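**Student:** I have a structure here, written as C-alpha cells, and I will follow up with some questions on it.
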Amino acid sequence: MEESRRKHRILMVSDFFYPNFGGVESHIYYLSQCLLKRGHKVVIMSHAYGNRTGVRYITNNLKVYYIPWRPFLMQNTLPTFYLTLPIIHTILIREKISIVHGHQAFSTLCHESLMHARTMGCKVVFTDHSLYGFADPGSIHMNKILQFTLADIDHAICVSHTSKENTVLRSGIKPETVFVVPNAVDTAMFTPAPTQLARDEVVIVVISRLVYRKGADLLVEVIPEVCRLFPHVRFIIGGDGPKRVRLEEMREKFSLQDRVEMLGAVPHSQVRSVLISGHIFLNSSLTEAFCIAILEAASCGLLTVSTRVGGVPEVLPEDMIVLAEPAPQDMVRAIEQAIDMLPNIDPQIMHSRMKSYYSWHDVAKRTEIVYDCVMDSSNKSILERLPRYLICGAWAGKIFCLVMIVNFILWRLLEFFQLAESIEEVPDMASMCNHEDDN
C-alpha cells in the first residue's frame, strides 16, 4: 500500500508563515510535516520576515524559501502581478514541483503564485481559511480577486462546510471541485493540566487577536456584566491588537484590575500554559471559518463558549461547547450555562475525545486525495483557459484575459532568456539519504 501511493512534489505558498503565528501558519506547518512523513516532497514559499530571508530549513528538513519581498499591509506583500514570475519560475524548475498549493484568499503571494503556476502548466490547489462578506468595499474587491484566481484552478479546499458555501458564492467556482478538509490540533502539544483545577474560582481564558473581527468590542460589554453576576469568576486575556486599549479602559472604568488579567501577546509555545490555568475558553469572533483556537482549548480540557458564527458549530459536539449569538446578553447567558456545566467536565476525557476527532495525519491523507484528483485532471492550453476568465464579468473578464495573455508572453520570454536547462535542479534529501544508507 505504501509503495503504490503516488508521491507528489508540492510547493506551499502563502504570505502567512513562521515566524508569524496564526491559524494559517499552523495549518501549513503541520500539513507539510505530515506530508513529508508520508513520502511527499514539500517546499514552502513565503515573504521575508525581518532578517529571515533566503533558504531556511526547519524541522525534518522542511525547506522554506523566504523571498526578498517585504510585507506591505497586515503581513501581505505589495501586489506586483509579474515581478514574482522569475522567482516562481526558478523555484518550480529547481524543485521539480508538480503541484502548487496556495493558502488564504488575503495572501497576495498566493494569488500571484497560482497565476504563474497555471501559466507554466503546473497543477494548482487553493485552500480558503476565512469567511468574507459580500457588501462592504473590501469584500467586493477581495471576492473579485478570488473569482480571478479560482476561474482556472484545478481544485479548492475549504476548512468547513460553511466556508465551502461562502467560497462557492463568492467566486462562482463549481461546488463539485471544492473539498472540505477541516483543520486539526496537535494533541500531543495541547494536553490538560496533570491535576484538575479547583472550582471555587472559575477562570475564563481568552486568547485572540484583539481586533474588531475577533469580537474584542463584544468582550468589552460582556466581561463587566459577567463579573457583576458572578463574583467568583476571573478573566485571563492573552493577545494584542488595536482593541486592547478599549479593554484596558473597561478594566479601569469598572475597577476590575484584580479580576481581569491582560497578558499581551502570547507566544505559541506558551499558549498551553495559559489555557490550562483556566476552566472555560471564550471565543467572541464575529466571523470564523473554523477556529483552531477552539480545538487547542478543548484538547487542553477546557469547556468552550463561542459565538454561533461561520463554521464554529461544526467544530465540536454540543456537550463540549456552548454557542451564543454575537450579542452581549446571549454571551452572558452562555457563560452562565457553561459555569453550571463545569462539574460534569473531565479534562482528560475531553482530551481523549479530541485525539479521536482530529488528527493532522488524517488531514494529510484527505489532502492527498485532492492532490490525486488534481494530477488526474487534464491540462488545458492558454486558448482553452481564456474563456474561463471571460465569464468573470463584462469588463473584469476582459481585463483578466489581458493579464493572463501578458503573463503567458512574459513566461515565454523568460523561457527564452533563462533556459530551463540552465537552472540547476536540487537533489532530493530523501534520495540522498537513501544513497548514503546504501553505501
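The values are calculated or read from the model by the stated rules, or taken from the named source; none is laboratory data. As the structure is a computational prediction, the values presented were derived from the model and not from experiment. Backbone-built Cβ (ideal geometry, glycine too); neighbour counts: all protein chains shown. Areas reflect the complete protein model, heavy atoms only, side chains present, ligands, DNA and RNA absent. Shrake-Rupley method; radii C 1.70, N 1.55, O 1.52, S 1.80 Å.
**Student:** Within segment 12-162, how many lysine pairs that are 8 or more places apart, or on different chains, have C-alpha atoms less than 29 Å apart?
**Tutor:** Pairs that pass both the separation and distance tests number 10.
**Student:** Moving on to the next point. With the contact rule set at Cα under 8 Å and sequence spacing of 6 or more, what percent relative contact order holds for segment 154-244?
**Tutor:** For segment 154-244, the relative contact order is 27 percent.
**Student:** Averaged per residue, what accessible surface does segment 235-380 expose to a 1.4 Å probe, in Å²?
**Tutor:** Values: 6190 Å² over 146 residues.
Result: 42 Å² of accessible area for each residue.
**Student:** Per 5 Å bin, what percent of the C-alpha pairs of segment 316-439 does each bin hold, from zero upward?
**Tutor:** Histogram of Cα-Cα distances, whole percents per bin: 2, 7, 7, 7, 8, 10, 9, 8, 8, 9, 10, 8, 4, 1, 0.
**Student:** Next question, about the same structure. Under a no-solvent Debye model with one identical scatterer per Cα of segment 239-318, what's log10 I(q)/I(0) at q = 0.11, 0.15 Å⁻¹?
**Tutor:** -0.34, -0.64
**Student:** GNM, the chain, Cα, under 10 Å: largest mean-square fluctuation among V185, V159, V403?
**Tutor:** For the chain, modelled as a Gaussian network with Cα springs under 10 Å, the answer is V403.
**Student:** Suppose the chain between A265 and A198 were pulled fully straight at 0.36 nm per residue; how much longer would it get relative to their current alpha carbon spacing? Working shown, then result.
**Tutor:** On the way: separation 67, 0.36 × 67 = 24.12 nm, distance 2.67 nm.
Contour length minus Cα-Cα distance gives 21.5 nm.
**Student:** Could you work out the longest stretch of the chain that avoids the chymotrypsin sites (Phe, Trp or Tyr not before Pro) located in DSSP loops with at most 13 other Cβ atoms within 10 Å? Can you show the working numbers first?
**Tutor:** On the way: sites that count: F134, W395.
So the longest stretch without any such site is 135-394.
**Student:** Below 12 Å, Cα to Cα, which aspartates and glutamates can K380 reach? Residues fewer than 8 away in the same chain don't count.
**Tutor:** D152, D154
**Student:** Mean-square fluctuation check for the chain, GNM, Cα pairs under 10 Å: which of E249, E314, E112 is largest?
**Tutor:** Answer for the Gaussian network model of the chain: E249.
**Student:** Would you list, by chain and number, the aspartates and glutamates whose Cα falls below 12 Å from the Cα of K243, excluding same-chain residues fewer than 8 positions away?
**Tutor:** D217
**Student:** How far apart, in nanometres, would the label points at N20 and D340 be if each is projected 7 angstrom from Cα along the Cα-to-Cβ direction?
**Tutor:** Going by the 7 Å Cα→Cβ label model, 4.3 nm.
**Student:** Follow-up. Hey, any idea what the orientation-averaged projected area of the convex hull of segment 81-230's Cα atoms comes to, in nm²? Display every interim value, and only then the final one.
**Tutor:** Working: hull surface 53.8 nm².
Reported value for the Cα convex hull: 13.4 nm².
**Student:** I would also like to ask the following. Where the accessible area of the chain is counted over protein heavy atoms with a 1.4 Å probe, how much of it, in %, is carbon and sulfur?
**Tutor:** Values: 11440 of 19700 Å².
C and S atoms contribute 58 percent here.
**Student:** What length, rounded to one decimal in nm, is gained on full extension from A394 through to E176, with 0.36 nm per residue of separation minus their alpha-carbon distance? List each step's numbers first, then the result.
**Tutor:** On the way: separation 218, 0.36 × 218 = 78.48 nm, distance 2.54 nm.
Residue separation times 0.36 nm, minus the Cα-Cα distance, leaves 75.9 nm.
**Student:** Cross-link candidates for K164: which aspartates and glutamates have Cα within less than 15 Å, leaving aside residues fewer than 8 places away along the same chain?
**Tutor:** Cα-Cα hits under 15 Å: D128, E176, E288, E314.
**Student:** Something else about it: Given the Cα-Cα distance of Y49 and V245 and 0.36 nm per residue of separation, how much length would full extension add, in nm?
**Tutor:** Length difference between fully extended and current span is 67.9 nm.
**Student:** Would you mind pulling out the separation of the Cα centroids of segment 69-96 and segment 3-33, in Å?
**Tutor:** Spelled out, the Cα-based centre of one part sits 17 Å from the other.
**Student:** Using alpha carbons only, how many angstrom separate the centre of segment 201-272 from the centre of segment 102-129?
**Tutor:** Cα centres, segment 201-272 to segment 102-129: 37 Å.
**Student:** Out of the trypsin sites (Lys or Arg not before Pro) in segment 80-139, which ones are loop residues according to DSSP with at most 13 other C-beta atoms within 10 Å?
**Tutor:** Working: sites: R94, K96, R118, K123; in loops: K96.
Passing sites in segment 80-139 are K96.
**Student:** Can I ask one more? How far apart, in nm, are two points set 7 Å out from the Cα along the Cα-to-Cβ line at D258 and at S273?
**Tutor:** In this crude label model, D258 to S273 measures out at 2.6 nm.
**Student:** Hey, how many Å between the Cα centroid of segment 275-303 and the Cα centroid of segment 159-174?
**Tutor:** With segment 275-303 and segment 159-174 each reduced to a Cα centre, they are spaced 24 Å.
**Student:** Turning to a different aspect of this structure: From Cα pairs below 8 angstrom and at least 6 apart in sequence, can you work out the relative contact order of the chain, rounded to a whole percent? Display every interim value, and only then the final one.
**Tutor:** Details: 750 pairs, mean separation 65.5, N = 439.
Dividing the mean separation by the residue count of the chain yields 15 percent.
**Student:** Ok, one more. Quick check of the Kirkwood formula: for segment 211-261, what is the inverse mean of 1/r over all pairs of different Cα atoms, in Å?
**Tutor:** Details: mean 1/r = 0.0901 Å⁻¹.
For segment 211-261, inverting the mean 1/r across all distinct Cα pairs yields 11.1 Å.
**Student:** While we're on this one: How high is the relative contact order of segment 134-178, in percent, with contacts defined as C-alpha pairs under 8 Å that are six or more residues apart?
**Tutor:** Working: 33 pairs, mean separation 19.2, N = 45.
RCO, segment 134-178: 43 percent.
**Student:** What residues of segment 135-163 lie in the reach of a label at V403, counting those whose backbone N is under 19 Å from a point 7 Å from the Cα along Cα→Cβ?
**Tutor:** Flagged as within label range: 137-156.
**Student:** Net charge near G397, counting Lys/Arg +1 and Asp/Glu -1 over other residues with Cβ under 13 Å of its Cβ? Before the final figure, lay out each step's value.
**Tutor:** Values: positive: K144, R385, R388, K398; negative: D152.
Once positives and negatives cancel, what remains is +3.
**Student:** Counting residues in segment 82-159 as N, plug N into 2.2 N^0.38 Å and put the Cα Rg over that result.
**Tutor:** On the way: Rg = 13.0 Å, N = 78, 2.2 N^0.38 = 11.5 Å.
Compactness ratio reported: 1.13.
**Student:** In the full protein assembly as shown, how much of C122 is accessible to a 1.4 Å probe, in Å² to the nearest 10?
**Tutor:** Here the residue's solvent-accessible area equals roughly 20 Å².
**Student:** Using helices alone, I'd like the mean residue ellipticity at 222 nm for the chain: each DSSP H run of four-plus residues gives -39500 (n - 2.57), total over residue count, nearest 500.
**Tutor:** Values: 15 runs with 182 residues, N = 439.
Here the helix-only value at 222 nm equals -13000 deg cm²/dmol.
**Student:** Now, a different point. Springs between alpha-carbon pairs under 10 angstrom, Gaussian network model over the chain: which of I153, I58, I44 fluctuates most?
**Tutor:** Comparing I153, I58, I44 in the GNM, the peak value goes to I58.
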